[in-house]
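Down below is the structure, laid out as structure tokens.
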Amino acid sequence: MARLLDVIREDLELTGTKEGCGEGECGACSVILNGKLVNSCLVPAVQAEGAELRTIEGVASDEQLHSVQESFLHCGGAQCGICTPGMVMAAVDLLKRCPHPDEAQIRDGLAGNLCRCTGYGKIVDSVAQAAERAIQVAEESRS
Amino acid sequence: MRGQVPGCTVHTPTTLIGALEILFAEKGAWRPLAGGTDLMVLFAAGVLPFSRFLNLWGLDELRGIETTSDSVSLGALTTYAEIRTHPLIAAELPNLVQSAWVTGAMAIQNRGTLAGNIANGSPAADTPPSLLAYGAEVQLQSLAGSRWVPYENFHTGYKQTVMLPEELITRIRVWRPKGDNFHFFRKVGTRKAQAISKVCLAAYARAEEGRVAEFRLGMGSVAPVPMRALTTEMLVQGQAIEELDGQFIAGAKLALMEDIRPIDDIRSTASYRRKVSANVLGQLLEEMVERFKRA
């Protein structure tokens, strides 16, 4: 029974999605399947047939980084980088469900993604900044 | 960690009847597969003693939360995320929302299902205490027909259930609370997120004319199966709220320590589980008294 993660990395050769624990604990393999954040290591590939799949490769558009990616760069939200694709996917999912999260909501949204480098502070800052920037952009486009 | 993964067969029925026919034709040969959050872990580790899977994920007949004036009925494939965000469940059955909230994190909650949580049979699962507290019932269906089983009778031993090999869980039903009621849920784990329970406790109480008219206490991780603490329930039920003082609560805590059957394992010890269960019960009863006196 192939896992969605195997299809993404080995068949589609999209290696931005990482395998960490392989048992749904660490979130390194997070992708968005039919609009929902999932651990691709726990999804049987057969259940993704016909589904819309968004991996880290599909977060930036052309040369323009997503606001979450920009803020991870700006705030130092990435260190070794192995958790970062999954962290970004979880953050993108959170901001879609909850565009103005407080710190507790950010921590809840990222609760399934483990990082062993940063201590999470700068990751939380990154997501908070991405949310603020999205609000600014929306206000600028209105004015 | 990835183990040696055996070859396997996955069959995807397109209707519930189609699924039941396969289970009936080859009893015990097919393992139902829903969101995969439990099975895929064991499968990838190469330790799952099954090689034929019946993929239920696409069966819309097993989805949807239906409400009537008396009950809430959750399709077997209802996910934790759907429970978390359902306004009526949040308003009337808050323990269910809390137990969904503390099961894994968002990526698990989008895939894990209520029936999967039950059928997997783990005594450490977090929705069972809430289902026990609310007196839930489980609908089991086979080609021969369907039956409703009180959830408190569903688990017969460690990872053993009353389900026949040809049956599937189709719905879980909970009655909507009436009157002046109180809800309490507490999971005790190593961390707030992504930890499996050392102890999980959910309670539902209803007060009438100054007495505790109904009191149910569901517990996880303290016995081979999710269990109701029946001796403790009987002590509390019928009591005048005025009489639920410190001395009474101390007695109830002792009763609960006798009610449960915890073990030492990788997550905790039996003595810690007894102690923390009693302390959480104390907190629960104090909050309940305060709540009912306020009403």
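Taking every residue in region A:132-143 that is within 22 Å of A:I106 (Cα to Cα) and pairing it with any residue that is surrounded by 10 or more Cβ atoms within 10 Å (Cβ to Cβ) and of a type in the set (G, A, S), at least 6 positions away or on another chain, the pairs with Cβ-Cβ distances below 9 Å are A:E132/A:S71; A:R133/A:S67; A:R133/A:S71; A:A134/A:S67; A:V137/A:S67.
Tell me whether region B:203-212 contains one or more residues that are more than 30 Å from B:G104 (Cβ to Cβ), surrounded by 23 or more Cβ atoms within 10 Å (Cβ to Cβ) and away from every other protein chain (no Cβ under 14 Å).
Looking through region B:203-212, at least one residue is more than 30 Å from B:G104 (Cβ to Cβ), surrounded by 23 or more Cβ atoms within 10 Å (Cβ to Cβ) and away from every other protein chain (no Cβ under 14 Å).
Taken over region B:231-247, the residue count meeting the criterion of being of a type outside the set (V, I, T), more than 19 Å from B:D259 (Cα to Cα) and not in a loop (DSSP other than H, G, I, E, B) is 4. For region A:34-75, filtering for residues that are basic (K, R) and outside any strand (DSSP E or B) leaves 0. Across region A:1-33, the number of residues qualifying as farther than 23 Å from B:T14 by Cβ, more than 10 Å from chain B (Cβ to nearest Cβ) and either of a type in the set (S, T, Y) or part of a helix (DSSP H, G or I) (or both) comes to 6. Residues in region A:116-130 that are surrounded by fewer than 23 Cβ atoms within 10 Å (Cβ to Cβ) and at negative phi: A:R116, A:C117, A:T118, A:G121, A:K122, A:V124, A:D125, A:A128, A:Q129. Name the single residue, out of those in region B:86-126 being within 10 Å of the chain's Cα centre (by Cα) and part of a loop (DSSP other than H, G, I, E, B), that is surrounded by the fewest Cβ atoms within 10 Å (Cβ to Cβ). If we take residues in region B:86-126 being within 10 Å of the chain's Cα centre (by Cα) and part of a loop (DSSP other than H, G, I, E, B), then B:A124 is surrounded by the fewest Cβ atoms within 10 Å (Cβ to Cβ).
Within the option set B:S73, B:S51, being of a type outside the set (K, R) and either within 21 Å of B:E166 (Cα to Cα) or at pLDDT below 95 (or both) holds for one residue only, B:S51. Restricting region B:58-85 to residues that are touching a strand residue (DSSP E or B) at 6+ places or on another chain (Cβ under 7 Å) and surrounded by fewer than 20 Cβ atoms within 10 Å (Cβ to Cβ) leaves a set whose member that is farthest from B:G104 (Cα to Cα) is B:D70. Restricting attention to region B:2-31, the residues that are assigned to a loop (DSSP other than H, G, I, E, B) and either more than 14 Å from every other protein chain (Cβ to nearest Cβ) or modelled with pLDDT under 95 (or both) add up to 12.
The values are calculated or read from the model by the stated rules, or taken from the named source; none is laboratory data. For clarity, every value in this text was computed on a predicted model and none was experimentally measured. Cβ sites come from the backbone with ideal geometry, for glycine too, and all protein chains shown count toward neighbours.
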